[in-house]
1. Count the net charge of all other residues whose Cβ sits under 11 Å from the Cβ of Arg98, scoring Lys and Arg as +1 and Asp and Glu as -1.
2. Would you work out if region 7-121 is rounded, prolate or oblate? Take a ≥ b ≥ c from the square roots of the eigenvalues of the alpha-carbon gyration tensor; rounded if a/c is under 1.5, else prolate when a/b is larger than b/c, oblate otherwise.
3. Over region 26-126, with every protein chain in place, what whole percent of the accessible area is carbon and sulfur at 1.4 Å, could you tell me?
4. For the chain, what does the helix formula give at 222 nm: sum of -39500 (n - 2.57) over DSSP H segments with n ≥ 4, over the residue count, nearest 500 deg cm²/dmol?
5. Among Leu35, Leu190, Leu160, which one moves the most in a GNM of the chain with springs linking Cα atoms closer than 10 Å?
6. Loop-only chymotrypsin sites (Phe, Trp or Tyr not before Pro) in region 55-118, please: DSSP not H, G, I, E or B, and at most 11 other Cβ atoms within 10 Å.
7. Could you give the length gained on full extension between Phe93 and Thr209, defined as 0.36 nm per residue of separation minus the Cα-Cα distance, in nm?
8. Taking the Cβ of Leu207 as the center, what net charge do the other residues with Cβ under 14 Å away carry, scoring Lys and Arg +1 and Asp and Glu -1?
Amino acid sequence: MSRSVEAGSALSPVTADDVELAGRLAVGILRDAPLEGWGGKAGSLEWDCWETVEHIANDLLYYAVQLGPQSPPLDTHVPFALSQKRPEGPMVFVYAERDAGPAGLVQVLEACGALLVAMVRTTPARVRAHHAAGVSDPEGFAALGVRETLVHMHDVAEGLRLAWTPPSALCSRVLARLFPEAPSGADPWLTLLWATGRAELPGHPRLTTWRSDSTPRS
């Protein structure tokens, strides 16, 4: 496959500002979401919409805490205990209070995103920390956070029947950082959905398995 972005675009890093933008867009959409439907399935996932937003928040916090220790672990995650509320639900270590309603859930998402923004901004680029997709650097964790936000918001938007189309330039930077071998020529947002197993591209069937590459770039 050919590279998804032109050489000049590939040099643009994913930054803390990108994490902040993705979070701001997600929070803006979710604040206007209907109060009904949060218990319905999120797109093609087995999780409901509430669980999926909770999962986004957990991922953002997970990426932040990986960068937190003075000597971040390189072989495994920082050992927060994970749990599930039901067998089909996501593994998480932070839950939003159900009594706080969707507004409280969105606040949890916003807070976790802010922590990742702060860690990416303040962590030296030389720092490395564990991730299953490859030992990563602060930019890699920023890209992972943006990917999780954009893609899982697609799932939530399908479940809640909301419009969700993130900026093409933001999608292009995530593709260049995490999916450098993705096909070129198509809309970056559609390509990101294809790269994460959620859509077809012309000449490229929908993926049944996928993997990003979070290892540092030279």
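The values are calculated or read from the model by the stated rules, or taken from the named source; none is laboratory data. Keep in mind the model is a prediction, meaning the values are calculated, not measured. Positions of Cβ are generated from backbone atoms using ideal geometry, with glycine treated the same way; all protein chains shown enter the neighbour counts. Quick note on the areas: whole protein, heavy atoms, side chains included, nothing else; ligands and nucleic acids left out. Shrake-Rupley method; radii C 1.70, N 1.55, O 1.52, S 1.80 Å.
1. Within the 11 Å Cβ shell, the charges total -2.
2. Working: a/c = 1.86, a/b = 1.30, b/c = 1.43.
Oblate.
3. It is 57 percent, rounded to a whole number.
4. Here the helix-only value at 222 nm equals -15000 deg cm²/dmol.
5. In this elastic network of the chain, the residue with the biggest mean-square fluctuation among Leu35, Leu190, Leu160 is Leu35.
6. Numbers: sites: Tyr62, Tyr63, Phe80, Phe93, Tyr95; in loops: Phe80, Phe93, Tyr95.
Answer by residue number: there is no such site.
7. 39.2 nm
8. +1
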